[in-house]
1. Could you please let me know if LYS83 is among the charged types (D, E, K, R) and modelled with pLDDT under 85?
2. Determine, yes or no, whether PRO34 is part of a loop (DSSP other than H, G, I, E, B) and under 19 Å from the mean Cα position of the chain (by Cα).
3. So which residues in segment 97-113 are in contact with a strand residue (DSSP E or B) (Cβ under 7 Å, 6 or more places away or on another chain) and modelled with pLDDT under 90, if there are any at all?
4. Filter segment 114-137 down to residues that are aliphatic (A, V, I, L, M) and modelled with pLDDT of 90 or more, then give me how many there are.
5. Taking into account only those residues within segment 54-77 that are in a loop (DSSP other than H, G, I, E, B) and exposed (fewer than 14 other Cβ atoms within 10 Å of the Cβ), which is modelled with the highest pLDDT?
Amino acid sequence: MGAPTPNELADRARVSSIRPRYGHQLTVRETRTPGGKKRWLITCSCGWKFGGTCRTREIAEKQSIIQHLDHLKPPCPYPGKRKYRTQEAAESDMHHFWATGGRGKVMPCRVYLCSCGRWHMTSKPLRTRERGEEPAD
């Protein structure tokens, strides 16, 4: 084996970053499935659990941390709305909605970043601070 690649070093840094940043301690245990595949059971000090079949401990730990970080995010206050990872994706879908939308539908006019960390579309215009003030474009 040679020296680790930059991607491997970044993965290791991301895996180890959950411990000091969030104060969580992961415990990894290896078991076997009835078919003989490795199965990793990972538990966190907060009670969160992950179980999966992966080739290596590092892959299992990386996948569990990604899922755990998603679990730590606050829930969306608007679970019925579509969620977009980027502003560009939300705006693109909004333009597509405008191009294909029909009469009588409430049409979205802007996108916004939600407290859950995702982007949503809304039909409500941006509020102004004072009455009669025009929004700055």
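The values are calculated or read from the model by the stated rules, or taken from the named source; none is laboratory data. Treat the numbers as computed from the prediction; the structure is a model and nothing was measured. All Cβ positions, even for glycine, are placed from backbone atoms using ideal geometry, and neighbour counts span all protein chains on display.
1. Spelling it out, it is not the case that LYS83 is among the charged types (D, E, K, R) and modelled with pLDDT under 85.
2. Here the answer is no, as PRO34 does not meet what is asked.
3. If the condition is that a residue be in contact with a strand residue (DSSP E or B) (Cβ under 7 Å, 6 or more places away or on another chain) and modelled with pLDDT under 90, then PRO108 is the only one that fits.
4. Result for segment 114-137: 1.
5. PRO77
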